[in-house]
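Take a look at the structure below.
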Amino acid sequence: MDRTALVTGATGYIARHVIVRLLDAGWRVRGSVRSRAKAAEAIAAIRAALADPAGAERLELVELDLASDDGWREAAGGCAAMLHMASPFPIAQPRDPDELTRPAVEGTLRALRAATEAAIPKVVLTSSMVAVQYAGFPGTKPVYTEADWTDGNDTRFTAYTRSKTLAERAAWDYVEGNGRKIALTSINPGLVLGRPVGGHFGTSVQVLRRILEAKDPALPSVTFAIVDVADVAAMHVAALNKPEAAFRRFIASAGDASFADIARILAAAFPDRRIVTRQAPDFLIRMIGLFDSSVGTILPDLGRRLNTSSAAARDVFAIRFKDMRETIIETARYLSEKENI
Ligand code: NDP
């Protein structure tokens, strides 16, 4: 096989796993980075994680920024597939939501326009559960499926939630408006955990770090759909080879767990550690949220118990999601061994 896939955001936590999988499956990979100089650690880590070190020769880098037109046309040229994974995912939310929504939406459209110009037939977009899980807000639906959509214009949601929702919407609108020339698949992962490739583990793993550090006296009643990074990567690669995956979204989730559920799993697995498992009353978190903007960002999630269906992914990709307990414990073990937490 000699097909080339363009993977945007090659330095990212999830993208590194995707690239390892693509190279091991025989693909050529053109990984986009913002700066070659800053990508050295990621590339070394990807090489070290390959089952067959020869795969490293099939990896090349290009420089692309979501906010600039430079280089997209050349980067997409000759590719058989594109995996658009780059999107801003900061820990702290900016005051101005445009700081995230603009690069997310414009970057997605740049990627799709480049795919059209290069006649790339297949694009996989990394969207998110946040583009699904606020359908019916502030209520909760009995089960969340791919038919559910967050309202990306609702200013009650975080800039990140809005950026992911608006970017995915823009992608579907673009593809429909272009006569479905690109077979788009969207992967919508919940909170992604699991061992990183190299030292970069992204924003999602910070949730576990926070619980392990046990600095909070009680935990907010916030629930996440949780999924292992290896399963998310496997879905991205499988989507390239499955015609049935075209023009569909797929939730990636092994199950749903609250902060307190995660803390209880960790307390049972690491009995020698001090882990806070107490849940804080919602009114208290709401009050703190008035003064602390980092707490303010979780207010839309307070008291909402998610029940996420991953039936579509299990059906089309025949995936058996890794047990979330194993993922949580493995990630915690990594953080404690490698990060000294
Ligand atoms: P990372 O922060 O590790 O990766 C984000 C990637 O996007 C990095 O490579 C980053 O480059 C790149 N990027 C950000 N802004 C720009 C920009 N302006 N121009 C070019 N590249 C940019 O996050 P994850 O790996 O966790 O996330 C990858 C994707 O998965 C994102 O789309 C995210 O929204 C989505 N996702 C993640 C989930 C999770 O729990 N981790 C859950 C659901 C979806 P650089 O290294 O230069 O900063």
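The values are calculated or read from the model by the stated rules, or taken from the named source; none is laboratory data. On a predicted model such as this, the values are computed, not experimentally measured, just so you know. Virtual Cβ from ideal backbone geometry, glycine too; neighbours counted across all protein chains shown. Surface accessibility is based on the protein's heavy atoms, side chains included, excluding ligands, DNA and RNA. Shrake-Rupley method; radii C 1.70, N 1.55, O 1.52, S 1.80 Å.
Residue by residue through segment 97-116, note down the ones that are open to solvent by 20 Å² or more (accessible area, probe 1.4 Å) and within 15 Å of the ligand (Cβ to nearest atom).
Scanning segment 97-116 gives 97, 98, 99, 102, 103, 105, 106, 109, 110.
Quick grid of which residues meet (1) away from the ligand (no atom under 16 Å from the Cβ); (2) buried (at least 19 other Cβ atoms within 10 Å of the Cβ); (3) aromatic (Phe, Trp, Tyr); (4) touching a residue at least 24 places away in the same chain (Cβ under 8 Å):
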site	(1), (2), (3), (4)
181	yes, no, no, yes
201	no, yes, yes, yes
205	no, yes, no, yes
217	yes, no, no, yes
242	yes, no, no, yes
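Give 86, 119, 92, 67 a once-over and let me know the one that is outside any helix (DSSP H, G or I), within 10 Å of the ligand (Cβ to nearest atom) and open to solvent by 30 Å² or more (accessible area, probe 1.4 Å).
Step by step, each of 86, 119, 92, 67 is checked, and only 67 is outside any helix (DSSP H, G or I), within 10 Å of the ligand (Cβ to nearest atom) and open to solvent by 30 Å² or more (accessible area, probe 1.4 Å).
Give me the residue from segment 136-173 that is aromatic (Phe, Trp, Tyr) and open to solvent by less than 40 Å² (accessible area, probe 1.4 Å) and, out of that set, nearest to the ligand (Cβ to nearest atom).
So, considering only residues that are aromatic (Phe, Trp, Tyr) and open to solvent by less than 40 Å² (accessible area, probe 1.4 Å), the one nearest to the ligand (Cβ to nearest atom) is 160.
Looking only at residues in segment 10-38 that are more than 12 Å from residue 199 (Cα to Cα), at pLDDT 95 or above and among the small types (Gly, Ala, Ser), which one is farthest from the ligand (Cβ to nearest atom)?
Residue satisfying both the conditions and the ranking: 26.
Just wondering, is there one or more residues in segment 246-253 that are open to solvent by less than 70 Å² (accessible area, probe 1.4 Å), free of Cβ contacts under 8 Å to residues at least 60 places away in the same chain, touching a strand residue (DSSP E or B) at 6+ places or on another chain (Cβ under 6 Å) and not in a helix (DSSP H, G or I)?
No, that holds for no residue.
In segment 1-31, which residues are open to solvent by less than 20 Å² (accessible area, probe 1.4 Å), over 15 Å from residue 229 (Cβ atoms) and in contact with a Phe, Trp or Tyr (Cβ under 9 Å, 6 or more places away or on another chain)?
4, 5
Residue 281: away from the ligand (no atom under 16 Å from the Cβ) and at pLDDT below 95, yes or no?
So residue 281 fails the test.
Filter segment 259-306 down to the residues that are among the polar types (S, T, N, Q) and part of a loop (DSSP other than H, G, I, E, B) and list them by number.
277, 297
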